[in-house]
1. Can you tell me which of 2, 12 is at pLDDT below 95 and open to solvent by less than 70 Å² (accessible area, probe 1.4 Å)?
2. Quick check: is even one residue across region 58-71 in contact with a strand residue (DSSP E or B) (Cβ under 9 Å, 6 or more places away or on another chain), of a type in the set (Ser, Thr, Tyr) and at pLDDT below 95?
3. In region 99-121, what count of residues is obtained for those that are surrounded by 20 or more Cβ atoms within 10 Å (Cβ to Cβ) and either outside any strand (DSSP E or B) or among the basic types (Lys, Arg) (or both)?
4. Hey, does region 44-59 have a residue that's over 15 Å from the mean Cα position of the chain (by Cα) and farther than 21 Å from residue 120 by Cβ?
5. How about region 76-88: which of its residues are over 15 Å from the mean Cα position of the chain (by Cα), open to solvent by 10 Å² or more (accessible area, probe 1.4 Å) and of a type outside the set (Lys, Arg)?
Amino acid sequence: QVQLVESGGGLVQAGGSLRLSCAASGSFFSINSMGWYRQAPGKQRELVAGITSGGRTNYADSVKGRFTISRDNAKNTVYLQMNSLKPEDTAIYYCNAGLRVRSYSNEYRYWGQGTQVTVSS
């Protein structure tokens with residue numbers, strides 16, 4: 001059974017940094033694109049950053065220049081380095097990944113359980 005397990009959330013003061021990690025475990029053939037989403041109270045879930053299997057990245061305008069997404073394919077892990085954090089970055093952060101369980105399977109998108117990031121002013 002495939003799982004995405006996140007870690008690294010917490011409470012930080014404005015201007016501080018946090019690093020989120022998300023590791024894929026279980027049996028699968030390949031991982032395609034991976035990304036981080038977030039959902040603040042009363043708001044819709046939004047894409048924060050994404051990265052393809054080849055390393056191409058994209059970011060939400062609100063985090064460009066502050067957040068960096070990266071991945072370690074050997075460890076099946078994606079990271080989100082968050083610097084210069086602002087109170088408006090407070091949200092639950094979710095990892096998302098597209099996996100093929102078998103070589104002949106269609107891609108299916110999996111979600112992590114979410115990790116809370118709270119930025120105090």
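1. Step by step, each of 2, 12 is checked, and only 2 is at pLDDT below 95 and open to solvent by less than 70 Å² (accessible area, probe 1.4 Å).
2. Scanning region 58-71 turns up no residue that is in contact with a strand residue (DSSP E or B) (Cβ under 9 Å, 6 or more places away or on another chain), of a type in the set (Ser, Thr, Tyr) and at pLDDT below 95.
3. Matching residues across region 99-121 total 1.
4. Yes; the residues of region 44-59 include at least one that is over 15 Å from the mean Cα position of the chain (by Cα) and farther than 21 Å from residue 120 by Cβ.
5. Those that are over 15 Å from the mean Cα position of the chain (by Cα), open to solvent by 10 Å² or more (accessible area, probe 1.4 Å) and of a type outside the set (Lys, Arg): 84, 87, 88.
For (1) open to solvent by 60 Å² or more (accessible area, probe 1.4 Å); (2) out of contact with any Ser or Thr (no Cβ under 8 Å at 6 or more places or on another chain); (3) over 19 Å from residue 121 (Cβ atoms), each residue gets a yes or a no:
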| site | (1), (2), (3) |
| --- | --- |
| 33 | no, no, yes |
| 37 | yes, yes, yes |
| 74 | yes, yes, yes |
| 90 | no, no, no |
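The values are calculated or read from the model by the stated rules, or taken from the named source; none is laboratory data. Keep in mind it's a predicted model, so treat the numbers as computed, not measured. Cβ: placed from backbone, ideal geometry, glycine included. Neighbour counts: every protein chain shown. Surface accessibility is based on the protein's heavy atoms, side chains included, excluding ligands, DNA and RNA. Shrake-Rupley method; radii C 1.70, N 1.55, O 1.52, S 1.80 Å.
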